[in-house]
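Chemist: Below you will find the structure I want to go over with you.
The values are calculated or read from the model by the stated rules, or taken from the named source; none is laboratory data. This structure is a prediction, so every number in the text was calculated from the model and none was measured. Cβ placement follows ideal geometry from the backbone for every residue including glycine, while neighbour counts extend to all protein chains displayed.
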Number of protein chains: 2
Amino acid sequence: MEQAREWQLVADWMGVLSDLDGAAAVLEWDRETDMPEGGAAARGTQLSTLAALRHRHLLDPALDEPLSAIAESSDPWQAASARIALRDRARASRVPEDLVRALAEASSRGVATWSRARPADDVATWVEAITPLIALTRQQATALADGGDPYDALLDLYEPGTTYAMVAPLFDALAARVRPLVETLDGAGGPSLPAGPWDDAAQMSVARSLAADIGFDLSAGVVGRTAHPVTMSLGPGDTRLSTRVDSADPLSCIMALLHEGGHAMYDQGLPPEHRRTLAGDAPSLGAHESQSRFWENHVGRTLAFWERLGPELATAFPGVADGLGADDYRRALNRVRTQAVRVESDEVTYDLHIILRTRLERRLITGDLAPADLPAAFGDGMRELLGIVPDRPANGAMQDIHWSAGIIGYFPTYTLGNLYAAALADAAADRVGPIDDVLREEGPAPLLAFLREGIHSRGSLVEAPELMRDATGGDISVEPFIAHLERTYSPTSSVS
Amino acid sequence: MEQAREWQLVADWMGVLSDLDGAAAVLEWDRETDMPEGGAAARGTQLSTLAALRHRHLLDPALDEPLSAIAESSDPWQAASARIALRDRARASRVPEDLVRALAEASSRGVATWSRARPADDVATWVEAITPLIALTRQQATALADGGDPYDALLDLYEPGTTYAMVAPLFDALAARVRPLVETLDGAGGPSLPAGPWDDAAQMSVARSLAADIGFDLSAGVVGRTAHPVTMSLGPGDTRLSTRVDSADPLSCIMALLHEGGHAMYDQGLPPEHRRTLAGDAPSLGAHESQSRFWENHVGRTLAFWERLGPELATAFPGVADGLGADDYRRALNRVRTQAVRVESDEVTYDLHIILRTRLERRLITGDLAPADLPAAFGDGMRELLGIVPDRPANGAMQDIHWSAGIIGYFPTYTLGNLYAAALADAAADRVGPIDDVLREEGPAPLLAFLREGIHSRGSLVEAPELMRDATGGDISVEPFIAHLERTYSPTSSVS
């Protein structure tokens, strides 16, 4: 009886956190979609004010006792929420306020400098801006680690329950398996699609229809259009995703839709009765990325997917898509070309870019690598892992925004997502049948049902490694992913 | 020196209020424009949470001393902000929390019941729902009045500085002058425009271009489309307005654009350096309505306006607008037809609907009229003021949402806005020239400049009656409005 009262206090408190997060997401979504230029400054202060109110609410000392009591609850959902709450409160209280402010300022300066220095290939200015930012991030990592490993403390912000000691051997094995594959496959794939133009409005119409087809509920969400595709949770029952439109290339819109659709359907599949609690969200970024990559790479790169979508494209783009068959789309999509820029990379080489960044950022935090030496180390690593040299500094160490914003510990979650997605695809094939066959015979619904049951409905009841172990029947390994690459990109398997 | 520190405390505190108001407006704008059906419940709790945080922040006791000090400031902007802050804090502290909650619940129930009962003409159910709500509103009024007049305390929420004793004689004089006019003018105006269809997208394109033409800054705002036109301030530099589109009638879109454009340009013209303070907003709803009505009725109903817009309409609606001249638009617009429903009424009869409601709601609050007797009293008043009887209860006392939501004291602000607008139009004519001539020779810019200087730039430095006195050179009277009606609707002045 006493615990019921305490749970009520905790639930109300978490409800306010959920409302503030949802409100901030509405402000961010609007900023990406509709906000006029003149609103940028005010939107920034509104978001800061909401963040400050959230911080104060998160640390409300009145919750100390109720949370300690609920952490011992026999109800697994309540216990998980309390565990996450205590973790988030510990994190928030470990970093002193003046360090939080200094980080925010250095991060803004870092991003602003990066935006100017990158197009100018001005490495020196960039290094000068990130040097103090990385020093502050190391301080933050040390404070968060509370005696533990500083890099792990950063990784834990994005991928709770996963440590560098778990990631490093996995990534080493992945690099060793992928590098020979890249040598074999570089240059694979078919010719590009006709340059169009592929009508913008028709692309958005195809995107909305495809979202509904894979299972995104449009009565509880919106498909929008932005320069950079994104998914946001604006609250229970309101999930927004956006795709991009390039009138010379419809694949860009469709693949971004599948990727964001995977994130968005995860959001829609979280257990409704727990949505206003901390356990009612995804446990990690890697877990989230497993869903986006599942739909993008394990559904969207199959022949069956294009057999299904092809007739719709023929109708939507008369005169442009005439005569294109499923295999034309699939082969144009599944091209392998080693290149310096991560975000333009194909699926085969992509993780080598992540592995390089993970190794380097680990060394930045341990102190083994000085920011001044980062550009050279980046070039060396690219030569070693990918066998190429960036054509210009802008396409080397400076290419991503992450480090310039003080975001370290985030990169590994991309590759974890890829590995998780491949393992889930194998498990789905075991459980409901080969994905091509399922798509041809029943459409995407059985695949979504599999993910709903094994992943979405479990929220953050357990951390990502355990969640994936339960859903796939084993510890994470590189094998399913390597097998997927071999199946998808090997020239002999061009028709599945 | 001491006061500088206190002002900083007050300014920071008001900045947070401004951020919370802006954030809530973003949530509301999104709700009206993009939100999927599934998001409604969460959006409601998010808005409640923001309102609760705002309430707590508003009453922060740490501001007692700084506000008292700043109220005595020699800086008129600082003193005005402190005066408004103290007023808002007094209001918020006078109504007990359990009454606030009871009102919110009764209001939700009232609106829900109204939505069902009105289409069914179910007066009995409606009266049953509003009876407790009106009792609670009387309690609220008494608490707010703190010994003063309860109805004035409600009116003061929307129209600070204006009392029923000021409004009643003005409205009596207005009724006496308008009723004979209605008898003369009923039936005036030209034939309707062709039924079209007037292309929806072309209407929105005309609306955006018209917004820019009258002076709305699209780099600091958005023109959207909603079922019910609205203007919202999402923060300094971000003003959103929406219009409606009826494919059978382009006038509806254009007039709503002018109306909301007037509100929106007021928002954009508020003094930027005071936007995060309480004095940096409009002083009352009547003042705001004066701006919407200025553009809608004193610009939009002139021949010169349609001479200016006509060519654009001919281009935007080929085949539909062919052969229509400025006077065809103007005469189709300026029709007078007495009818029971306020929101469908013409400009001549509109204020009689408001006068009726003001008299009745005053009696509801004094206790002179029981809610059960409201439907009959409404019918009697309509017969007396407008000479007609509603065809059905849905078009009688139940027609508006206001009373069903517990909103009393709001109606008079519509008519005050109309009177203020007419006085401002006369003052503009004196200062910059007859409006038709100005529009023909220089376009709308000199009119906006006049409003910017006399109204917008002054924020809430003074209350609305003083603001209007300063801008028009005299106390408010019905004469400018009556003269405007005679000029605009008299058949002999059909060409100006």
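Chemist: Inspect region A:38-59 for any residue being charged (D, E, K, R) and over 24 Å from B:ALA11 (Cα atoms) and give the result as yes or no.
Modeler: So in region A:38-59, the residues charged (D, E, K, R) come out as A:43, A:54, A:56.
Right, trim to over 24 Å from B:ALA11 (Cα atoms) and you get none.
No, region A:38-59 has no match at all.
Chemist: Let me ask another. If B:TRP126 satisfies all but one of (1) touching a His at 6+ places or on another chain (Cβ under 7 Å); (2) among the aromatic types (Phe, Trp, Tyr); (3) closer than 17 Å to B:PRO371 by Cβ, what's the number of the condition it fails?
Modeler: Of the numbered conditions (1) touching a His at 6+ places or on another chain (Cβ under 7 Å); (2) among the aromatic types (Phe, Trp, Tyr); (3) closer than 17 Å to B:PRO371 by Cβ, the odd one out for B:TRP126 is (1).
Chemist: Please specify each residue of region B:154-188 satisfying the condition of being within 19 Å of the chain's Cα centre (by Cα), more than 20 Å from B:GLU479 (Cα to Cα) and among the aliphatic types (A, V, I, L, M).
Modeler: B:LEU154, B:LEU155, B:LEU157
Chemist: Going through region A:343-370 one residue at a time, which ones are surrounded by fewer than 20 Cβ atoms within 10 Å (Cβ to Cβ) and closer than 17 Å to A:TRP126 by Cβ?
Modeler: Scanning region A:343-370 gives A:LEU369, A:ALA370.
For every residue, the table says whether it meets (1) crowded, with 17+ Cβ neighbours inside 10 Å; (2) assigned by TED's automatic domain parsing to the domain that holds A:PRO150; (3) hydrophobic (A, V, I, L, M, F, W, C).
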{"residue": "A:TRP403", "(1), (2), (3)": "yes, yes, yes"}
{"residue": "A:ALA423", "(1), (2), (3)": "yes, yes, yes"}
{"residue": "A:ILE435", "(1), (2), (3)": "yes, yes, yes"}
{"residue": "A:GLU442", "(1), (2), (3)": "no, yes, no"}
{"residue": "A:LEU451", "(1), (2), (3)": "yes, yes, yes"}
{"residue": "A:GLY454", "(1), (2), (3)": "yes, yes, no"}
{"residue": "A:GLU466", "(1), (2), (3)": "no, yes, no"}
{"residue": "A:GLY474", "(1), (2), (3)": "no, yes, no"}
{"residue": "A:THR488", "(1), (2), (3)": "yes, yes, no"}
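Chemist: For A:VAL16, state whether it is in a helix (DSSP H, G or I), at pLDDT 95 or above and over 23 Å from A:SER242 (Cβ atoms). Break it down into steps so the answer makes sense when it comes.
Modeler: Working: in a helix (DSSP H, G or I): yes; at pLDDT 95 or above: yes; over 23 Å from A:SER242 (Cβ atoms): yes.
Here the answer is yes, as A:VAL16 does meet what is asked.
Chemist: Identify all residues within region A:229-284 that are under 28 Å from A:ASP470 (Cα atoms) and of a type in the set (S, T, N, Q); write none if there are none.
Modeler: Once the filter is applied, which keeps residues that are under 28 Å from A:ASP470 (Cα atoms) and of a type in the set (S, T, N, Q), region A:229-284 yields A:THR231, A:SER233, A:THR239, A:GLN268, A:THR277, A:SER284.
Chemist: Scan region A:77-89 and tell me whether some residue there is more than 30 Å from A:ALA145 (Cβ to Cβ) and either of a type outside the set (A, V, I, L, M) or modelled with pLDDT of 95 or more (or both).
Modeler: Step one: of region A:77-89, the residues more than 30 Å from A:ALA145 (Cβ to Cβ) are none.
Within region A:77-89, not a single residue is more than 30 Å from A:ALA145 (Cβ to Cβ) and either of a type outside the set (A, V, I, L, M) or modelled with pLDDT of 95 or more (or both).
Chemist: Could you list, ordered by first residue, the pairs with Cβ atoms under 6 Å in which the first is in region B:179-202 and in contact (Cβ under 8 Å) with a residue 40 or more places away in the chain and the second is among the charged types (D, E, K, R), at least 6 apart or interchain?
Modeler: Once the first residue is in contact (Cβ under 8 Å) with a residue 40 or more places away in the chain and sits in region B:179-202, its partners that are among the charged types (D, E, K, R) give B:GLY189/B:ARG331; B:GLY189/B:ARG335; B:GLY190/B:ARG331.
Chemist: Right, next: Looking only at region A:202-217, count how many residues are under 27 Å from A:PRO36 (Cα atoms) and touching a Pro at 6+ places or on another chain (Cβ under 7 Å).
Modeler: Total meeting the criteria: 1.
Chemist: Read through the list (1) under 23 Å from B:HIS288 (Cα atoms); (2) buried (at least 19 other Cβ atoms within 10 Å of the Cβ), then give the number of the only condition that B:GLY161 fails.
Modeler: (2)
Chemist: Can you run down the residue pairs with Cβ atoms below 8 Å, 6 or more apart or on separate chains, where the first is in region B:424-451 and acidic (Asp, Glu) and the partner is surrounded by 21 or more Cβ atoms within 10 Å (Cβ to Cβ) and outside any helix (DSSP H, G or I)?
Modeler: Cβ pairs passing all conditions: B:ASP436/B:THR302.
Chemist: Could you list, in sequence order, all residues of region A:214-224 that are in contact with a helix residue (DSSP H, G or I) (Cβ under 8 Å, 6 or more places away or on another chain) and free of Cβ contacts under 8 Å to residues at least 24 places away in the same chain?
Modeler: Residues of region A:214-224 that are in contact with a helix residue (DSSP H, G or I) (Cβ under 8 Å, 6 or more places away or on another chain), as a first pass: A:214-221, A:223-224.
Within region A:214-224, A:LEU218, A:SER219 meet the criteria.
Chemist: May I pose another question? Does B:TRP13 fit the bill of being over 27 Å from the mean Cα position of the chain (by Cα) and either surrounded by 15 or more Cβ atoms within 10 Å (Cβ to Cβ) or touching a residue at least 40 places away in the same chain (Cβ under 8 Å) (or both)?
Modeler: On the way: over 27 Å from the mean Cα position of the chain (by Cα): yes; either surrounded by 15 or more Cβ atoms within 10 Å (Cβ to Cβ) or touching a residue at least 40 places away in the same chain (Cβ under 8 Å) (or both): yes.
In short, yes.
Chemist: Continuing with the same structure: If a residue must be assigned to a helix (DSSP H, G or I), facing another protein chain (nearest Cβ under 7 Å) and crowded, with 22+ Cβ neighbours inside 10 Å, how many such residues does region A:23-41 contain?
Modeler: 5
Chemist: Name the single residue, out of those in region B:320-331 being closer than 10 Å to B:PRO194 by Cβ and of a type in the set (Gly, Ala, Ser), that is farthest from the chain's Cα centre (by Cα). Lay out the reasoning, then the answer.
Modeler: To start, the set of residues in region B:320-331 that are closer than 10 Å to B:PRO194 by Cβ comprises B:320-324, B:328.
With of a type in the set (Gly, Ala, Ser) added as a condition, the list becomes B:321, B:323.
On the way: B:ALA321: 31, B:GLY323: 35 Å.
Going through the qualifying residues, I end up with B:GLY323.
Chemist: Can you tell me which residue among A:SER192, A:SER209 is in contact with a helix residue (DSSP H, G or I) (Cβ under 8 Å, 6 or more places away or on another chain) and either at pLDDT below 95 or not assigned by TED's automatic domain parsing to the domain that holds A:ARG335 (or both)? Walk me through it before giving the result.
Modeler: Working: A:SER209 fails: either at pLDDT below 95 or not assigned by TED's automatic domain parsing to the domain that holds A:ARG335 (or both).
Within the list A:SER192, A:SER209, the selection yields A:SER192.
Chemist: Can I ask one more? For region B:60-76, which positions are buried (at least 19 other Cβ atoms within 10 Å of the Cβ) and touching a residue at least 60 places away in the same chain (Cβ under 8 Å)?
Modeler: Hits for region B:60-76 are B:PRO66, B:ILE70.
Chemist: From B:LEU20, B:LEU47, which residue is aliphatic (A, V, I, L, M), facing chain A (nearest Cβ under 10 Å) and under 24 Å from B:ILE408 (Cβ atoms)? First the steps, then the outcome.
Modeler: On the way: B:LEU20 fails: under 24 Å from B:ILE408 (Cβ atoms).
None of the other options fit; the residue is B:LEU47.
Chemist: Among the residues of region B:65-84, write down those that are assigned to a helix (DSSP H, G or I), among the charged types (D, E, K, R) and farther than 15 Å from B:ASP281 by Cβ. Explain how you work it out, then say what you get.
Modeler: Within region B:65-84, the subset assigned to a helix (DSSP H, G or I) is B:65-71, B:76-84.
From what's left, among the charged types (D, E, K, R): B:65, B:83.
Scanning region B:65-84 gives a single hit, B:GLU65.
Chemist: Oh, and also: If a residue has to be in contact with an Asp or Glu (Cβ under 7 Å, 6 or more places away or on another chain) and within 14 Å of chain B (Cβ to nearest Cβ) to count, how many in region A:50-83 make the cut?
Modeler: 1
Chemist: On to the next question. Using the structure shown, decide if B:GLU2 is more than 26 Å from the chain's Cα centre (by Cα), modelled with pLDDT under 95 and of a type in the set (Asp, Glu).
Modeler: On the way: more than 26 Å from the chain's Cα centre (by Cα): yes; modelled with pLDDT under 95: yes; of a type in the set (Asp, Glu): yes.
Yes.
Chemist: Kindly list, by first and then second residue, each pair from a residue in region A:477-491 that is in a loop (DSSP other than H, G, I, E, B) to a residue that is of a type outside the set (A, V, I, L, M) and modelled with pLDDT of 95 or more, limited to pairs with Cβ atoms under 6 Å and residues at least 6 apart or on different chains.
Modeler: Going by the 6 Å Cβ cut-off, the qualifying pairs are A:VAL478/A:ARG177.
Chemist: If B:GLY221 satisfies all but one of (1) in contact with a Leu (Cβ under 8 Å, 6 or more places away or on another chain); (2) closer than 27 Å to B:VAL320 by Cβ, what's the number of the condition it fails?
Modeler: (2)
Chemist: Hey, does region B:338-361 have a residue that's in a loop (DSSP other than H, G, I, E, B) and under 25 Å from B:GLU128 (Cα atoms)? Walk me through how you get there before you give the answer.
Modeler: Initially, region B:338-361 is screened for residues in a loop (DSSP other than H, G, I, E, B), giving B:338-341, B:345-346.
Now drop any that are not under 25 Å from B:GLU128 (Cα atoms), which leaves B:340-341.
Taking every residue of region B:338-361 in turn, at least one turns out to be in a loop (DSSP other than H, G, I, E, B) and under 25 Å from B:GLU128 (Cα atoms).
Chemist: Restricting to region A:173-212, give me the number of residues that are acidic (Asp, Glu) and farther than 29 Å from A:ASP351 by Cβ. It would help to see each step written out before you state the result.
Modeler: Going residue by residue through region A:173-212, those that are acidic (Asp, Glu) are A:183, A:186, A:199-200.
Going one step further and asking which of them are farther than 29 Å from A:ASP351 by Cβ, we end up with A:199-200.
Here the count works out to 2.
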